[in-house]
Amino acid sequence: MLKIENLTKKYGDKSAIDNLNLEVQDGEIFGFIGHNGAGKTTTLRIISTLIKQDKGDVIIEGLNTKTDTEKVRAKIGFLTSELKLEDFFTPNYLFDYFGKLHNIPDDVLENRKKE
């Protein structure tokens, strides 16, 4: 089950998501429909743990995306048609993110970065 409670994300003074509440039961299929800038991609990025929300909680099968990040990543798959990189999505950040997603030990990850 996916449960979103009071999800909020702002970029400066602009709200991308403003107190979103959503519950999706196991086996249900859902989609986001809306105009550009409505917060669809931002919501999916928060669900997938790529970015952090300013307020609210996302619970996936009882796991909170803020406190159980690695466990959530092990349970989900996320594919986006375009990856618009935020300022903090540096090559180093992405390398670490995908390395940890695949449980690569820190020492191996550091060696691969150097290579």
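The values are calculated or read from the model by the stated rules, or taken from the named source; none is laboratory data. Everything numeric here is computed off the predicted structure, so don't read it as measured data. Positions of Cβ are backbone-derived with ideal geometry, glycine not excepted, and every protein chain shown enters the neighbour counts. SASA here: full protein model, heavy atoms, side chains in, ligands and nucleic acids out. Shrake-Rupley method; radii C 1.70, N 1.55, O 1.52, S 1.80 Å.
Observations
- Against the criterion of solvent-accessible heavy-atom surface with a 1.4 angstrom probe, 108, 72 sort, most first, into 108, 72.
- With a cut-off of 15 Å between beta carbons, the residues surrounding residue 74 carry a summed charge of +1, where Lys and Arg count +1 and Asp and Glu -1.
- Packing rank of 57-63, 73-79, 36-42, where each peptide gets the mean count of other beta carbons within 10 Å, highest leading: 57-63, 36-42, 73-79
- Sorted largest first by accessible area at a 1.4 angstrom probe radius, with every protein chain in place, the residues 97, 11 fall in the order 11, 97.
- Counting only protein heavy atoms and a 1.4 Å probe, the chain has 68 square angstrom of accessible area per residue.
- Alpha-carbon gyration tensor eigenvalues x 5, square-rooted, for region 1-112, Å: 25, 18, 13
- Amide H to amide H, with H built 1.01 Å from N, residue 55 comes under 5 Å of 8, counting only residues 5 or more places away or on other chains.
- Additional length obtainable on full extension of the chain from residue 54 to residue 113, 0.36 nm per residue less Cα span: 18.2 nm
- In order along region 36-45, phi translates into HN-Hα couplings of 4, x, 7, x, 4, 5, 4, 4, 5, 5 Hz, rounded to whole numbers, per the Karplus curve 6.51 cos²θ - 1.76 cosθ + 1.60 with θ = phi - 60° and x for Gly and Pro.
- Rounded to the nearest Hz, the phi-derived 3J(HN,Hα) couplings of region 89-99 under the Karplus curve 6.51 cos²θ - 1.76 cosθ + 1.60 (θ = phi - 60°) are 7, 6, x, 5, 4, 5, 4, 5, 4, 6, x, where x marks glycine and proline.
- Using C-alpha pairs below 8 Å separated by at least 6 residues, the relative contact order for the chain is 23 percent.
- Length gained when the stretch residue 93-residue 13 is fully extended (0.36 nm per residue, less Cα-Cα span): 26.3 nm
- Apolar share of the accessible surface for region 11-115: 51 percent from carbon plus sulfur atoms, 1.4 Å probe.
- The string of couplings for region 52-61 from the Karplus curve (6.51, -1.76, 1.60, θ = phi - 60°) is 9, 7, 7, 7, x, 10, 10, 10, 10, 6 Hz, one whole number per residue in order, with x for Gly and Pro.
- Think of each Lys and Arg Cβ as +1 and each Asp and Glu Cβ as -1; about the Cα centre, that makes the dipole of region 1-70 roughly 420 debye.
- Rolling a 1.4 Å probe across all protein chains gives residue 104 an accessible area of roughly 40 Å².
- Helix-only [θ]222 nm of the chain, DSSP H runs n ≥ 4, -39500 (n - 2.57) each, per residue, nearest 500: -8500 deg cm²/dmol
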